[in-house]
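Chemist: Below you'll find the structure I mean.
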Amino acid sequence: MQLTLWTYEGPPHVGAMRVATSMDGLHYVLHAPQGDTYADLLFTMIERRDKRPPVTYTTFQARDLGGDTADLVRTAVLEAYERFKPRAMLVGESCTAELIQDQPGSMAQGMGLPVPVVPLELPAYSRKENWGASETFYQLVRGLLAGQVPAPGSERPARDPDRRPRANLLGPSALGFHCRDDVIEISRLLESIGVDVLVVAPEGATPEDLLRIPEADFNICLYPEVARTTCKWLERSFKQPWVKTVPIGVGATREFLDEVGELAGVDVGPMKQQAASRLPWYSRSVDSTYFTGKRVFIFGDATHAVAAARISAEELGFEVVGLGTYSRELAREVRAAADRHGVEPLITDDYLEVERHVAALEPELVLGTQMERHIAKRLGIGCAVISAPFHVQDCPARYSPQMGFEGANVIFDSWVHPLTMGLEEHLLGMFREDFEFHDDAPPSHLGHAAAAEGERKAPAATTPDAGPGWDPEAEQELKKIPFFVRGKARRNTERYAAESGLERITVETLYDAKAHFGR
């Protein structure tokens, strides 16, 4: 058995909670024991939502297992309906409740409530959160639209030429990475080319909004992890085409406009010419030339990881040295992207395996989730968060989209700031022996009282095995190296000494290793 402290995704019922929390007029009854109510905190603490999720728990206890737990489900469903008056309900079970096999969804469906009841069967021991969100959204849309599906072989009516084309934005949800601002940015972009947004779902939608989805001319799948299955079903059932390009980055946004223009029958050329993102020029500007060739490791959900790799290689001039995802359902896309960038894909949900890869590759920047932020901090490497799961600090109050041309500006700022600038490297090297600026000097604004706190520690070596020891003179020489590359110099020297069969690292070993890795 493998125990873990961190996990990239929760169980699938948390994905169902994300859909329920995103919508209005929808209530979720979850058959779950005491303790599973922890998931409420994900929304109120991390995303700063001002109300708790619309979820009623049956909260059975150990003593209930000897009686009729099914009766708890019926009571909870009735009480939830009478108290909250939802216009549709989801009924499912948590991973613990799955073991007692009460079938709460089917039971609730047979209770004759005057609102649609969608049963959820989410296998908790083989699937995870994103799959749960995708399956819940799909079952909800399919359940509500079941009565509108045209007969097989029916042709979709042509759009009224006097009406502007309409699109649905599908996929944004609670606990999605910057979803709130992405919806605003893409809605503005579509408005600028003469396309109206009809329904945004699940975020902000009602059950009645879902009934209007077929009225749009096409769908836009903003987040494949949540909406791709639904878009495919709408295409099969209602002949609704869908836009597959996710507009993250300048190049992808231009391709997104081309795809939308083709489906909507509008000319997007003027918009592409007028579109102003500062990313292309900034990445070519004098200061930013120091970014060229920076080695970057990327890990996250599939959508953001693939987009980040493209932006890194094509728009910022970074070198992608590692690419991976925890999204097993979309692993094929990540493998294809890794092949384009000439790296081995890393498909795993084990953060310790990710850490081992980061340590071995020694990148200069990590683009990842909150997990990779912790890993990068431990290894002394700059990091920017690009994907869920994220912490409260990655849910900003300001407007901060990731998609569209403005999203490209935000990405440039977010990714570049953790890097050490070329001029900064030069100055740190030039003044490293200065009495005021050397590594052991305390912060000048704290005065002499801070002298005891002045020592900056180099990142610890990442190899847990005992390796060659360091002579005191070599340790002193190592301190002359700027702190931001000292950890890498230490690891390279220890690796060189181990491979050379040396038991002690001297000053000469340090410079031999430098010459060896500098070739």
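Chemist: Just name one of Thr58, Gln393, Tyr223: the one whose Cα is farthest towards the positive end of the charge dipole of the chain (beta-carbon charges, Lys/Arg +1, Asp/Glu -1).
Modeler: Farthest towards the positive end: Tyr223.
Chemist: Plugging the Kirkwood radius over Cα pairs into Stokes-Einstein for segment 333-381, at a temperature of 4 °C and a viscosity of 1.567 mPa s, what D comes out in µm²/s?
Modeler: Numbers: Rh = 11.5 Å.
Using the Kirkwood radius from Cα pairs, D works out to 113 µm²/s.
Chemist: With the contact rule set at Cα under 8 Å and sequence spacing of 6 or more, what percent relative contact order holds for the chain? Can you show the working numbers first?
Modeler: Details: 900 pairs, mean separation 62.1, N = 519.
That works out to 12 percent.
Chemist: Evaluate the charge dipole of the chain about its Cα centre and quote only its size in Debye, nearest 20, assuming +1 on the Cβ of each Lys and Arg and -1 on the Cβ of each Asp and Glu.
Modeler: Using Cβ point charges on Lys, Arg, Asp and Glu, the chain gives about 860 debye.
Chemist: For Arg373, Arg142, write out the residues from largest to smallest accessible area, computed with a 1.4 angstrom probe and no ligands counted.
Modeler: Values: Arg373 35, Arg142 105 Å².
Final ranking, largest accessible area leading: Arg142, Arg373.
Chemist: Follow-up. Not counting ligands, DNA or RNA, and with a 1.4 Å probe, what is Ser387's accessible surface area in Å² rounded to the nearest 10?
Modeler: 0 Å²
Chemist: So for the chain, taking the charge dipole from beta-carbon charges (+1 Lys/Arg, -1 Asp/Glu), which of Val334, Ala384, Val115 sits furthest toward the positive end?
Modeler: Farthest towards the positive end: Val115.
Chemist: What is the Cα coordinate range of segment 238-311 on the first, second and third principal axes, sorted by size from largest, in whole angstrom?
Modeler: Principal extents (largest minus smallest coordinate, Cα): 49, 31, 11 Å.
Chemist: Given the C-alpha centroids of segment 143-172 and segment 38-57, what is the distance between them in whole angstrom?
Modeler: Segment 143-172 and segment 38-57 have Cα centres spaced 33 Å from each other.
Chemist: May I ask you to give the percent of accessible area on the chain that is carbon plus sulfur, with a probe radius of 1.4 Å?
Modeler: 51 percent
Chemist: Would you mind getting the accessible area per residue of the chain, heavy atoms of the protein chains only, 1.4 Å probe, in Å²? Kindly include the intermediate steps, with their values, before the conclusion.
Modeler: Details: 24790 Å² over 519 residues.
Heavy-atom accessible area per residue stands at 48 Å².
Chemist: Return the label of the correct value of Rg and Dmax of the Cα atoms in Å, as calculated from the structure shown, out of [x] 22.9, 73; [y] 24.8, 87; [z] 26.8, 82.
Modeler: Computed from these coordinates, Rg and Dmax of the Cα atoms in Å corresponds to label [z].
Chemist: So how much accessible area does Trp6 have, in Å² to the nearest 10, using a 1.4 Å probe?
Modeler: Ignoring ligands and nucleic acids, Trp6 comes out at about 90 Å².
Chemist: Using alpha carbon coordinates only, what is the Rg to Rh ratio of segment 309-420, with Rh defined as the Kirkwood radius? Please list the in-between numbers first.
Modeler: Numbers: Rg = 13.8 Å, Rh = 14.7 Å.
Dividing the radius of gyration by the Kirkwood radius yields 0.94.
Chemist: Moving on. Which of the GluC sites (Glu not before Pro) found in segment 147-191 are in a DSSP loop and have at most 15 neighbouring Cβ atoms, other than their own, within 10 Å?
Modeler: In loop regions of segment 147-191 (DSSP not H, G, I, E or B), the sparsely surrounded GluC sites (Glu not before Pro) are Glu155.
The values are calculated or read from the model by the stated rules, or taken from the named source; none is laboratory data. All values reported here derive from a predicted model rather than from experimental measurement. Positions of Cβ are backbone-derived with ideal geometry, glycine not excepted, and every protein chain shown enters the neighbour counts. Accessible surface areas use protein heavy atoms only, side chains included; no ligands, DNA or RNA. Shrake-Rupley method; radii C 1.70, N 1.55, O 1.52, S 1.80 Å.
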